[in-house]
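The values are calculated or read from the model by the stated rules, or taken from the named source; none is laboratory data. No experiment lies behind these values; they were computed from the predicted model shown. Cβ sites come from the backbone with ideal geometry, for glycine too, and all protein chains shown count toward neighbours. Accessible surface is based on the protein model in full, side chains and every heavy atom, while ligands, DNA and RNA are left aside. Shrake-Rupley method; radii C 1.70, N 1.55, O 1.52, S 1.80 Å.
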Amino acid sequence: MKGKGGAMDRRSSARWRVLLLCAFSFGLGMLFTDRFWTAPDSSNHIMSQSRRQEQELQLVSEDCSTKRKHGEDKDIMGEVTKTHEAIQSLDKSISTLQMELAAKRSTLELLRSSGSPVTFETSQPRKKAFVVIGVNTAFSSRKRRDSVRETWMPQGEKLQQLEEQKGIVIRFTIGHSATSDSILDKAIDSEDAQHHDFLRLDHVEGYHELSAKTKIFFSTALGIWDADFYVKVDDDVHVNLGMLATTLARHKLKPRTYIGCMKSGPVLADKNVKYHEPEYWKFGEEGNKYFRHATGQIYAISKDLATYISINQPILHKYANEDVSLGSWFIGLEVNHIDERNMCCGTPPDCEWKGQAGNVCVASFDWSCSGICKSVERIKDVHARCGEGDSAVWSALF
């Protein structure tokens, strides 16, 4: 019994030792776990904070770089714009000089061929201007001229001030009758003595001679005024001078500029219609359309194109319709065709609505009449409802 009891005591004490060893190991494990488990937590927190700060610094740096880049882009674009404008200005200057040189050569050749002595004396200097406006008129259009004078065209001292202060020259353009010193010519002389607003052309007046008259107007005006632009307008069209000058000024830097309401109407082969084209066969098959050209009621060309017309006047072909002729003279040239729809507004309510919307028209007329229908009676109403105001041209910046 004693032997059995001793063995049991030994087994029991061994069991307790195992249990104590397990408990001690567990306690020791818990101790180490508490101590070292939190350390990685704290380290990870510090590392995540560090990463977050680095990312924030990177974002700030990128934002600064982006802003700096945008600023640099704006500076670059500004320089590109200035360079482009300088190139345009230089291109126009070169074009003008080339035209003037060609004009001098052409004059010398004409003098040599005619046997006249060639001299190099300087002629009367041309007057500087921004735009010369030729109002196309006829002997029978006295009432139309008076209606224009009473509405959009200044008179007397104001006309002179407009030339001197704003560089805008306005003249009624007319030639002479087939009979020398006729009553028609004397009537124009008398009217000019009263108003001083005519430009007399070396041209025999006639409806079917408008193409020739157009060439002579540009050549004559170019010889008197050194202008940036030359404008032709009919005497039954209403014009807002301030808007016209502002519109032209936008294209001042461009060389070889042709501005107006561009159209491409049908070539009319029928002899019984108003705008019959005798040379219709030159435009291809029946039913074809003309090339793009400005409508004849009003258009503008730059000085270099006026010089081109003046130099080549004898060999420029004249079609039946003056606006077609002008467009044909620029075919094959590097010309900027500017389609300006504000130069062909309708009469009220069209031009009135556009003016109320802040889009004041340059010119207004009725397409159905190729001018203002019954312009003598109606142009005052058009001026009252569609005019920009008498002070607009004086305050216009161009």
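Of all residues in the stretch 252-278, which are at pLDDT 90 or above, part of a loop (DSSP other than H, G, I, E, B) and charged (D, E, K, R)?
Listed by number, the residues that qualify are Lys252, Lys254, Arg256.
For every residue, the table says whether it meets (1) open to solvent by less than 40 Å² (accessible area, probe 1.4 Å); (2) in contact with a strand residue (DSSP E or B) (Cβ under 9 Å, 6 or more places away or on another chain).
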position	(1), (2)
Ser310	yes, no
Ile315	no, no
Phe330	yes, yes
Trp367	no, yes
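If you go through the stretch 132-146, how many residues are part of a strand (DSSP E or B) and touching a helix residue (DSSP H, G or I) at 6+ places or on another chain (Cβ under 6 Å)? Explain how you work it out, then say what you get.
First, the residues of the stretch 132-146 that are part of a strand (DSSP E or B): 132-136.
Filter once more, so that each one left must be touching a helix residue (DSSP H, G or I) at 6+ places or on another chain (Cβ under 6 Å): 132, 134.
So the count comes out to 2.
Would you pick out the residues in the stretch 181-205 that are open to solvent by less than 80 Å² (accessible area, probe 1.4 Å) and in a loop (DSSP other than H, G, I, E, B)?
Of everything in the stretch 181-205, those that are open to solvent by less than 80 Å² (accessible area, probe 1.4 Å) and in a loop (DSSP other than H, G, I, E, B) turn out to be Ser182, Asp197, Glu205.
Within the stretch 168-180, can you find the residues that are touching a Phe, Trp or Tyr at 6+ places or on another chain (Cβ under 7 Å) and open to solvent by less than 10 Å² (accessible area, probe 1.4 Å)?
Matches in the stretch 168-180: Ile168, Val169, Phe172, Thr173, Ile174.
Restricting to helices (runs of 4 or more DSSP H) lying wholly in the stretch 283-395: which have 3 or more residues that are on the phi > 0 side of the Ramachandran plot, aliphatic (A, V, I, L, M) and without any contact (Cβ under 8 Å) to a residue 40 or more places away in the chain? Don't jump to the end; show me each part of the working.
Details: elements: 303-311, 322-329, 350-356, 375-386, 392-395.
Of the helices (runs of 4 or more DSSP H) lying wholly inside the stretch 283-395, none has at least 3 residues that are on the phi > 0 side of the Ramachandran plot, aliphatic (A, V, I, L, M) and without any contact (Cβ under 8 Å) to a residue 40 or more places away in the chain.
Find the residue count for the stretch 222-245, including only residues that are buried (at least 19 other Cβ atoms within 10 Å of the Cβ) and part of a helix (DSSP H, G or I). I'd like the intermediate steps shown before the answer.
So in the stretch 222-245, the residues buried (at least 19 other Cβ atoms within 10 Å of the Cβ) come out as 222, 225, 227-245.
Okay, now just the ones that are also part of a helix (DSSP H, G or I), so 222, 241-245.
Residues that pass the stated criteria total 6.
Kindly provide the set of residues from the stretch 312-353 that are closer than 18 Å to Gly371 by Cβ and among the basic types (Lys, Arg), ordered by number.
Arg341
Could you give me the residue pairs with C-beta distances under 8 Å whose first residue belongs to the stretch 155-169 and is assigned to a loop (DSSP other than H, G, I, E, B), whose second residue is of a type in the set (Val, Ile, Thr) wherever it lies, and which are 6+ apart or on separate chains?
Between residues of the stretch 155-169 that are assigned to a loop (DSSP other than H, G, I, E, B) and residues that are of a type in the set (Val, Ile, Thr), the close pairs are Gly167/Val131.
Keeping to the stretch 246-280, report how many residues are aliphatic (A, V, I, L, M) and open to solvent by less than 10 Å² (accessible area, probe 1.4 Å).
Of the residues in the stretch 246-280, 2 are aliphatic (A, V, I, L, M) and open to solvent by less than 10 Å² (accessible area, probe 1.4 Å).
Does Lys158 count as of a type in the set (Lys, Arg), farther than 28 Å from Ser325 by Cα, surrounded by fewer than 17 Cβ atoms within 10 Å (Cβ to Cβ) and over 31 Å from the mean Cα position of the chain (by Cα)? Walk me through it before giving the result.
On the way: of a type in the set (Lys, Arg): yes; farther than 28 Å from Ser325 by Cα: yes; surrounded by fewer than 17 Cβ atoms within 10 Å (Cβ to Cβ): yes; over 31 Å from the mean Cα position of the chain (by Cα): no.
Spelling it out, it is not the case that Lys158 is of a type in the set (Lys, Arg), farther than 28 Å from Ser325 by Cα, surrounded by fewer than 17 Cβ atoms within 10 Å (Cβ to Cβ) and over 31 Å from the mean Cα position of the chain (by Cα).
Checking Ser219 against (1) of a type in the set (S, T, N, Q); (2) outside any helix (DSSP H, G or I); (3) modelled with pLDDT of 95 or more, which test does it fail?
Failing condition for Ser219: (2).
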